[in-house]
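Report on one structure; see the data block that follows.
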Amino acid sequence: MLLSKFVDELPIPPILKARWKDQFYTYYEVNMTEFKQSLHSELNDTTVWGYEGSYPGPTIEVESGEKVFIKWINNLPEKHLLPVDYTVHGAHLDVPEVRTVVHVHGASVEPESDGYPEAWFTKGFKQVGPYFRKQIYQYDNNMRACNLWYHDHSIGITRLNVYSGLAGFYFVREQRESLLNLPAGQYEIPLMIQDKTFNYDGSLYYPRKPENPVVELETSIVPEFFGNTILVNGKVWPFLKVEPRKYRFRLLNASNTRFYRFKLDSGQLIYQIGTDGGLMEYPIGVKEIILAPAERADVIIDFTNLEEKNIIVKNDAPAPFPDGDPANAVGIVMEFRVSLPLTSIDTSVIPSYMEPFPKIIEQSASKERYLTLNDNMDQYGREFMLLDNKPWDAPITENPKLGSTEIWYLINLTTDTHPIHLHLIDFQILDRRDFDVEKYNKERIIHYTGPALPPEPQERGGKDTVRANPRQVTRIIMKFGPYTGLYVWHCHILEHEDYEMMRPYIVIR
Ligand SMILES: [Cu+2]
């Protein structure tokens, strides 16, 4: 189905209203429901899932250090909107089909409130998973100002729940940040980018059968999912009218599998000011920005003196990344129309310096872990991926001590880039280095074949998701805390995460 581009205006998700707020804490309730929403004006309304009747969910805005309680409430139907594969971990026929649990991606949260995949719950909390601990989650928000997002994390069906619409923004604000005089208010706009495919009746399409049908499998997990349309904030190929001035955009790749390499067709620079974990030390002017699933970038685009111009955001990332097919049909993301009059003089700035970003030094690490990313084949001949060659259910092997610093070597033996995400902490990327995969497979020895490459300028800040490229060892460094307990680390390609590319880890005393 061919949908016209740039016919619908970009929606901006509403800000979530608190049920209670005083000087001690803030309380929110968030309902998950099924409803119909227009995702493109040429398409029948689409049945989606969302938070508080909105897809994307309403934006949650908190102050750094603000104590926030959220009751996430499942009011979804008992039957899933999309085909469930009952053969994958945690999604067998012994559990209810529709399960939810919410994770705030990038947040430092106590383990009971982190959205552990097996802490799921059903409508009215009638049934809960083995790791369910509480109905009301607590967020201490002891983080720097940053651009986080919340989404579903239920074991075995995360890809389906997020694809159905269960995702929203979560911003942490800080006084210090507002002193920088960045574009703000109506000039600060979140952009959640996703890819989807639609059936002719406007409903969401998700593959139902394996490519080579297997009798036992009525539906099947797919090793990757790529949609044929691009949505921004829940609209297909939208446009945004802007004034000839500076804007701040909070970019988030909330797609299941697709990577993006964004460019402006005007050739102008994009000024990146922040990474996953908040502001960088100083801004960088870049021609393109790569975002893997779950990665974010905080950017400023300057439309000054561009009156009456239309600027298209393009994408030329191959799928799968980095060696797959060219983007072609999905090579376009959205359009900026510099068609609004300037309402007041633009006094916002692109600062020359933002804030110090202390580097974690390698010598402070007390432990190094060597962890492989592996390709595998299941009993039905389906491809699947593992971390450290271990399935989800294997005993815990990553058990960092509270307050300790570790270096993890992510040894990618597969042919794809995997965005690796750790819960609880922000890490820093040390370097990436080519190595001999064949030699490693035979002798279990890392033989480097190139120099250690520093992180890209766009990655020099706090990160919670890192692109681990094929045939490279990617090294990250992080300090574990301030909580102890059970968390997870996983690939953020949701089709991989749902099918074994996820491992528990525990922070111990
Ligand atoms: Cu992966």
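Tabulated results
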| item | result |
| --- | --- |
| Qualifying residue in the stretch 169-182 (condition: among the small types (Gly, Ala, Ser) and buried (at least 16 other Cβ atoms within 10 Å of the Cβ)) | no |
| Meets criteria (within 16 Å of the ligand (Cβ to nearest atom), outside the structural domain of TYR282 (by TED's automatic domain parsing) and out of contact with any His (no Cβ under 8 Å at 6 or more places or on another chain)) for LYS390 | yes |
| PRO223 vs. criteria at pLDDT below 95 and within 19 Å of the chain's Cα centre (by Cα) | yes |
| Of the criteria (1) away from the ligand (no atom under 16 Å from the Cβ); (2) in contact with a helix residue (DSSP H, G or I) (Cβ under 9 Å, 6 or more places away or on another chain), which one ILE508 fails | (2) |
| Selection within the stretch 406-462 - within 16 Å of the ligand (Cβ to nearest atom) and among the hydroxyl-bearing types (Ser, Thr, Tyr) | THR414, THR415, THR417 |
| Pairs, first closer than 20 Å to TYR380 by Cα and in contact (Cβ under 8 Å) with a residue 40 or more places away in the chain in the stretch 490-502, second more than 7 Å from the ligand (Cβ to nearest atom) and part of a strand (DSSP E or B), C-beta under 7 Å, six or more apart | GLU497/HIS490; TYR499/PHE384; GLU500/PHE384; GLU500/LEU386; MET501/LEU386; MET501/LEU387; MET501/HIS490 |
| Residue under evaluation GLN37, criteria (1) closer than 19 Å to VAL162 by Cα; (2) exposed (fewer than 13 other Cβ atoms within 10 Å of the Cβ), criterion not met | (2) |
| Which listed residue is closer than 26 Å to SER339 by Cβ and touching a residue at least 40 places away in the same chain (Cβ under 8 Å), from LEU279, LEU264, LEU291 | LEU264 |
| Flag if VAL95 is assigned to a loop (DSSP other than H, G, I, E, B), closer than 24 Å to HIS492 by Cα and more than 22 Å from the chain's Cα centre (by Cα) | yes |
| Complete set of residues in the stretch 98-135 that are hydrophobic (A, V, I, L, M, F, W, C), buried (at least 22 other Cβ atoms within 10 Å of the Cβ) and part of a loop (DSSP other than H, G, I, E, B) | VAL98, VAL101, ALA107, VAL109, ALA119, TRP120 |
| Scan of the stretch 290-308 for residues that are buried (at least 22 other Cβ atoms within 10 Å of the Cβ) and not β-branched (Val, Ile, Thr), ordered by number | LEU291, ALA292, PRO293, ALA294, GLU295, ARG296, ALA297, ASP298, PHE303 |
| The stretch 345-373 residues that are more than 18 Å from LEU402 (Cα to Cα), paired with ones that are aliphatic (A, V, I, L, M) and surrounded by fewer than 17 Cβ atoms within 10 Å (Cβ to Cβ) (beta carbon under 8 Å, 6 or more apart) | SER348/ALA184; TYR370/ILE446 |
| Residue list for the stretch 233-270, restricted to those being closer than 13 Å to ASN315 by Cα and part of a strand (DSSP E or B) | ASN253, TYR260, ARG261, PHE262, LYS263, LEU264 |
| Tally, over the stretch 369-387, of residues that are within 16 Å of the ligand (Cβ to nearest atom) and touching a strand residue (DSSP E or B) at 6+ places or on another chain (Cβ under 8 Å) | 13 |
| Those residues of the stretch 467-498 which are in contact with a Gly (Cβ under 6 Å, 6 or more places away or on another chain) and within 14 Å of the ligand (Cβ to nearest atom), in sequence order | ASP498 |
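The values are calculated or read from the model by the stated rules, or taken from the named source; none is laboratory data. What you are looking at is a predicted structure, and each value in this text was computed from that prediction instead of being measured. Ideal geometry is used to build each Cβ from the backbone, glycine not excepted, and the neighbour counts take in all protein chains shown.
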